[in-house]
1. With 10 angstrom as the radius, rank Lys330, Lys500 by how many other C-beta atoms surround their C-beta, starting from the fewest.
2. Just to verify a number: FRET efficiency for Thr333 and Ala549, C-beta to C-beta distance, R0 = 60 Å, to 0.05?
3. If packing is taken as the mean number of other Cβ atoms within 10 Å per residue, what is the order of 454-460, 231-237, 506-512, highest first?
4. Counting alpha carbon pairs within less than 8 Å and at least 6 residues apart, what relative contact order, in whole percent, applies to segment 472-548?
5. What order do you get for 208-216, 540-548 when each peptide is scored by the mean count of other beta carbon atoms within 10 Å, highest first?
6. For the modelled label position 7 Å from the Cα of Asp454 along Cα-to-Cβ, which residues of segment 519-545 have backbone nitrogen atoms closer than 17 Å?
7. What number comes out for the charge environment of Phe545, summing +1 per Lys or Arg and -1 per Asp or Glu over other residues with Cβ under 9 Å away?
8. Would you kindly calculate the mean projected area, averaged across all directions, of the convex hull enclosing the Cα atoms of segment 472-548, in square nanometres?
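Values quoted throughout were computed directly from the atomic coordinates according to the rules given, and no laboratory measurement underlies them. Please read all numbers here as calculations on a predicted model, not as lab measurements. Cβ: placed from backbone, ideal geometry, glycine included. Neighbour counts: every protein chain shown.
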Amino acid sequence: MLLSRRLGVYAGSILALITPPCAHAGLGFTPPLPIELADDRADGGPRLEYSPTGTWIASWHKGDLAVETDVVLSRSTDNGATWSEPLAPNANPDSDSVADYSIRVATDGAGNWVAIWVVDLGFANNIADASIMVSRSSDDGVTWTAPAVLSAKADIYSTFALLFAAGTPLPWLSTDRAGNWLATWRASVPVSASGDIDILASVSTDNGATWSNPVSVSPAGDDQDDGGPRVASVGVGKWMIVWNYWGFLVSEGLVAARSNDNGATWGAPKTIIEYDNADDVRHSISRIETDGDGTWLGIGDYTSWDFSGTFPVNTTDSDLFIIRSEDNGKTWTVPKALNPDAAIDTRNDALPVLTTDQNGNWLAAWTSGEPAKAEPDSDITACFSTDNGETWTPVVALNTNAHKDSVNDAFPGIKTDGNGNWVAVWLSNYVLPGEPGEENSDIYFATSTLTIGDNIIVLSPNGGERYNAGDNVPIHWLSIGNTGGAVHINLVQDGKSVAKIKRNALNDGLYRWNIPSTIDPGKGYKIKIKSVDTPSMKDSSDSRFRVDAPE
């Protein structure tokens, strides 16, 4: 039975705040806006999915996990410019007293969507704590069925584990877009005498209406605690699940198992990353994604307590790693630090996500604990690859207010339609100017119409920075396609060129600029870069930065 409420475009005050997107430098994202205004409940755990039908669905939970939460969905059909009023697929969201959280949504691209989530503290008085629930849509996410139980007693750690133990008990969901769907989660229901915690999987062949009995993906006799499963389709009825195996509150390694019979049986797990005794490095997977043509990327975070090893680490923070596969996930490269300054930076980089346009271009985004200015907040940072993840651009802020706000931005979700439209959602405590302040977090979004092709894109300085004359400032840019071997770099103030920083600079994406003492102190400055061979190919900073007198 379909819920009577329908997802209609939320056309209230938010639409008055939205202007048509314009071209932006950097990664091209518009200023952040909230999906929902006038919301007095805290939001959390945002995710984002896209369907080739042109539908985008953002999902998250509302409320206090220690008391009561609901999962909600919001829909966009205009590439993220406007969003529908959030709808709760869980039953009786206004009157129940349970915690619904950790929602995952997937689509077959033909109008069918499935959502799964965790329900805790009992449900309708007859379902065990921490069960997996499911709801379905057959009209491209407009209406959703009443929730049903996919699996009861999914994880006795429930909310405590979500808050305090990384990777548990979060479920994951995927489809092969041929009628098959697979859900996986960490389960405390022992499948062997060892009583450890294992990875379970369940399959639906009727668009989520019914599900198979869960089977163990973890091998028999395994005495490790497993967690953080991520599933992806590797063909019709073929699946790969990647997960961490755990010691005491730390990841010991990363393994992958495959099924060629639609989840009925699973092969022995193969090690992707093993705990490194020499480096004392521990990795935790966050995402695995494919371009659909055999290339896979995995991204996660790692920490270390030892400087003696060769893997680039700083013992005071966490950093990100990338792994790659060119044979449809059968073999993987050794982990490589995503950020080149991992060995010396002091950021806590975590919660990374990936998306690809399936044309060799990948966007990675994550939460960075190092602020873009002096205030002690976190921001959404990102980098871009045009060669299937072999190399990456310098790290830049995705939220365009990073240099101005002093609130926390975290938990990004990103997707692209493959046609130049990129959408990001994340959790933020930011309050729009002129709006009443709320002491709770909200889900914000931003969009980009970055067109992949021959192009020059200024990455930094990109607006909001503050320098002093005499500073040595790295100027970063991205050159895509045939942009020539040299560029001119100019300093612009209020639209007028005021200095030639470098003529015929090598077009390698980096030039170090010593700000001369002759520069007039003030604001309104931008960097402008153009191709020497094709002067019409040019770009400038998104916003203005400031130069002050020497200290």
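1. On the way: Lys330 14, Lys500 10.
Fewest to most other Cβ atoms nearby, the residues stand as Lys500, Lys330.
2. 0.80
3. Put in order of decreasing packing, that is 454-460, 231-237, 506-512.
4. Here the relative contact order equals 34 percent.
5. Details: 208-216: 16.9, 540-548: 19.2.
Result, highest mean Cβ count within 10 Å first: 540-548, 208-216.
6. From segment 519-545, the list is 530-539.
7. Spelling it out: positives minus negatives among the neighbours equals +4.
8. Spelled out: convex hull of the Cα atoms, projected over all directions, averaged, 4.9 nm².
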